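Trainee: After the structure tokens below, expect a handful of questions from me.
Bear in mind that the values in this text are calculations on the coordinates, not laboratory data. What you see is a predicted model; the values in this text were computed from it and never measured. Because the Cβ atoms are built from the backbone with ideal geometry, glycine has one as well, and the counts that use them run over all protein chains shown.
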Amino acid sequence: MRLKISHSTTYKFDPPANGLIQMLRLTPNNNDGQYIADWQIDTSTDARFDMHHDAFGNITHVLTHGPLSELTIDVRGIVETHDTGGVLKGTDERFPPNLFLRSTPLTEADTAMESFAVGLRAESETDTLGFLHALLVQINEYMTFDADPTHAGTSAAEAFALKRGVCQDYSHIFIACARSVGIPARYVSGHFMRADGIVEQEASHAWAEAHVPNLGWVGFDPTNGISTTDAHVRVAIGLDYLGAAPIRGTRYGGGRESLEVAIRVDQAGRQSQS
């Protein structure tokens with residue numbers, strides 16, 4: 001598919017902030033499942049941009065700016081995607097898979113989650129891919145999508161106990177459960193074209209990748225209960241949300257801060273409804 005993506009983030013500070021430093025992970029890389037035909041980042045002010053690759057190979061831009069009361073970061077692009085059945089190929093893998101067994105505060109499995117995962121693993125002890133698909137389905141059925149009770153700092157264990165959350169929470173739970181039974185797993189931030197025709201979205205999407213012997217990294221989207229398809233655009237990876245967040249940073253000075261995010265993901269050239 002040929003997907004058209006726009007992503008706008010606006011910060012407002014009252015009174016104005018004295019300065020701002022932001023790390024942007026908003027630019028996707030090419031791989032065998034996606035080709036970046038066009039991509040650009042614009043800001044509403046004349047900010048300084050420094051482009052780098054982080055430790056995981058994500059394209060990053062460090063944005064710095066002096067005093068300001070408002071900042072808008074606009075991303076627009078066209079990505080050509082191909083369905084690879086969820087199997088990831090053609091990526092810059094800088095670390096061995098076992099690095100992604102490392103737990104973090106956001107992906108620490110508690111006793112309830114470990115029992116949940118071990119029970120599924122026992123049913124498919126020698127079939128890693130089968131276990132991961134079963135985990136995908138069970139998390140999707142166990143959880144209810146709800147943006148109210150969780151936030152960016154909610155851990156997998158907290159969301160699992162609530163049985164509610166957003167795509168970040170679903171992904172953290174999947175990752176924690178997979179790691180708890182010895183399967184490397186990592187967090188992915190990106191975009192997803194919904195099948196229901198709704199193109200206006202309030203946040204970017206997230207899913208997980210797990211490493212399967214003799215197959216490699218495979219994408220699993222527990223929020224939608226599917227393996228990744230050509231409707232997914234992969235932007236950044238990390239051990240958890242904090243390592244792959246689209247925008248992270250800090251400001252100094254200023255008072256109240258407000259944030260508005262508007263995202264649109266659609267098939268290029270298609271008549272769509274919002």
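Trainee: Return PHE56, PHE100 ranked ascending by Cβ neighbour count within 10 Å, so the fewest neighbours appear first. Numbers along the way, then the final one.
Mentor: Numbers: PHE56 21, PHE100 24.
Starting with the residue having the fewest Cβ neighbours, the order is PHE56, PHE100.
Trainee: Related question: Quick one: which residues, 5+ away or cross-chain, put their amide H under 5 Å from the amide H of HIS65? H built at 1.01 Å from N.
Mentor: LEU20
Trainee: While we're on this one: Rounded to whole Å, give me the distance from the Cα center of the stretch 168-218 to that of the stretch 82-154.
Mentor: 7
Trainee: Another question, then. Take the alpha-carbon positions of the stretch 97-244, form their convex hull, and give its projected area averaged over all directions (one quarter of the hull surface) in nm².
Mentor: 8.1
Trainee: What order do you get for 233-239, 128-134, 29-35 when each peptide is scored by the mean count of other beta carbon atoms within 10 Å, highest first? The partial results should precede the final answer.
Mentor: Details: 233-239: 23.4, 128-134: 19.3, 29-35: 17.3.
With the highest mean Cβ count within 10 Å placed first, the list reads 233-239, 128-134, 29-35.
Trainee: Between PHE95 and TYR252, what is the label-to-label distance in nm when each label sits 7 Å out along the Cα-to-Cβ direction?
Mentor: The two pseudo-label positions are separated by 3.0 nm.
Trainee: Which of PHE220, PHE49 comes first, and how do the rest follow, when ranked by fewest Cβ neighbours within 10 Å?
Mentor: PHE49, PHE220
Trainee: Sticking with this one: What does the helix-only formula give at 222 nm for the chain: each DSSP H stretch with n ≥ 4 adding -39500 (n - 2.57), the total divided by the residues, and the result rounded to the nearest 500 deg cm²/dmol?
Mentor: -6000 deg cm²/dmol
Trainee: So, by mean Cβ neighbours within 10 angstrom, what's the order for 200-207, 167-174, 86-93 with the highest one leading?
Mentor: The peptides rank, most packed first, as 167-174, 200-207, 86-93.
Trainee: Next up: What list of ³J(HN,Hα) couplings, whole Hz, do you get for the stretch 72-87 from phi and the Karplus terms 6.51, -1.76, 1.60, once you set θ to phi - 60° and write x for glycine and proline?
Mentor: Running phi through 6.51 cos²θ - 1.76 cosθ + 1.60 with θ = phi - 60° gives 10, 10, 10, 10, 9, x, 10, 10, 8, 10, 9, 7, 10, x, x, 7 Hz.
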